[in-house]
Amino acid sequence: MKNITKNRSGQIWSWLIGIFAILGVLDALYLLIYKLSGNNQMCLGNGGCHNVNFSSYSEIYGIPVSALGLAAYLVIIAILVLEPRLRLVKENGPLALFGISLVGVAFSAYLTYLEFYVIHAVCPFCITSAIVITLIFILAIIRLVKQTAS
């Protein structure tokens with residue numbers, strides 16, 4: 001009975017991470033479309049989206065930051081999908097999710113700092129992504145601790 005409860009608990013954490021990762025994909029995809037199209041009607045609020053997404057900090061070596069976020073969220077989903085199917089991913093998936101989300105949180109903190117103190121503009125979609133990756137990070141920690149405790 002204990003094994004069934006542990007399995008369900010693990011599945012719940014995986015599902016929650018998956019839901020947040022899908023939200024992250026949608027958010028990053030929106031930001032990427034906005035970045036590539038330059039359609040200012042997509043920018044909501046006070047115009048902060050435009051200032052942030054077209055600043056010099058919005059790309060790394062010509063790659064939009066939103067594309068990097070999209071890739072990270074898609075990798076998180078791929079890990080979750082492959083965990084039940086591949087032994088290597090099952091054994092290392094929780095640690096990989098922790099690592100990816102840790103990097104994501106650190107990078108989001110840096111980007112949020114830039115928004116507030118360097119660019120002086122706030123993009124609500126960027127803040128949404130920062131919140132989503134932070135929630136994934138928290139869930140990844142819980143999942144990793146539960147895996148190592150068993």
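Only one of Val89, Val118, Val105 is surrounded by fewer than 21 Cβ atoms within 10 Å (Cβ to Cβ) and touching a Phe, Trp or Tyr at 6+ places or on another chain (Cβ under 6 Å); which? Just a single option satisfies the conditions, and that option is Val105. Of all residue pairs spaced 6 or more apart or on separate chains, those with beta-carbon atoms under 6 Å, a first member in the range 51-73 that is more than 24 Å from Phe98 (Cβ to Cβ) and a second member that is among the β-branched types (Val, Ile, Thr) are Asn51/Ile119; Val52/Ile119; Ser55/Ile119; Ser58/Val65. Here the condition is being crowded, with 19+ Cβ neighbours inside 10 Å, under 21 Å from Leu29 (Cα atoms), touching a Ser or Thr at 6+ places or on another chain (Cβ under 7 Å) and not β-branched (Val, Ile, Thr); of Phe125, Phe137, it holds for Phe137 alone. Applying a threshold of 6 Å to beta carbon distances and a minimum spacing of six or more residues, or different chains, the list of pairs starting in the range 1-29 at a residue that is under 30 Å from Ala71 (Cβ atoms) and ending at one that is at pLDDT 95 or above and among the small types (Gly, Ala, Ser) reads Asp27/Ser129; Ala28/Ser66; Ala28/Gly69.
Under the condition of being small (Gly, Ala, Ser) and either loosely packed, with under 14 Cβ neighbours inside 10 Å or modelled with pLDDT of 95 or more (or both), the residues counted in the range 8-49 number 8. In the range 56-86, the residue that is surrounded by the fewest Cβ atoms within 10 Å (Cβ to Cβ) out of those that are in contact with a Leu (Cβ under 8 Å, 6 or more places away or on another chain) and not hydrophobic (A, V, I, L, M, F, W, C) is Tyr57. Taken over the range 107-142, the criterion of being of a type outside the set (Gly, Ala, Ser) and not in a helix (DSSP H, G or I) is satisfied by His120, Val122, Cys123. Filter the range 35-49 for residues that are free of Cβ contacts under 8 Å to residues at least 24 places away in the same chain and assigned to a helix (DSSP H, G or I) and give the result. Across the range 35-49, the qualifying residues are Ser37, Asn40, Gln41, Met42.
Residue count for the range 51-106 under the criterion of being part of a helix (DSSP H, G or I), farther than 17 Å from Ala130 by Cβ and small (Gly, Ala, Ser): the result is 5.
Every test in (1) more than 30 Å from Gly47 (Cβ to Cβ); (2) aliphatic (A, V, I, L, M); (3) in contact (Cβ under 8 Å) with a residue 24 or more places away in the chain is passed by Leu86 save one, and that test is (3).
In this entry, Val52 is excluded by the filter for residues that are farther than 18 Å from Ile142 by Cβ and modelled with pLDDT of 95 or more.
The values are calculated or read from the model by the stated rules, or taken from the named source; none is laboratory data. This one's a predicted model, so the numbers in the text were calculated from it and none came from an experiment. All Cβ positions, glycine included, derive from the backbone under ideal geometry; neighbour counts span all protein chains shown.
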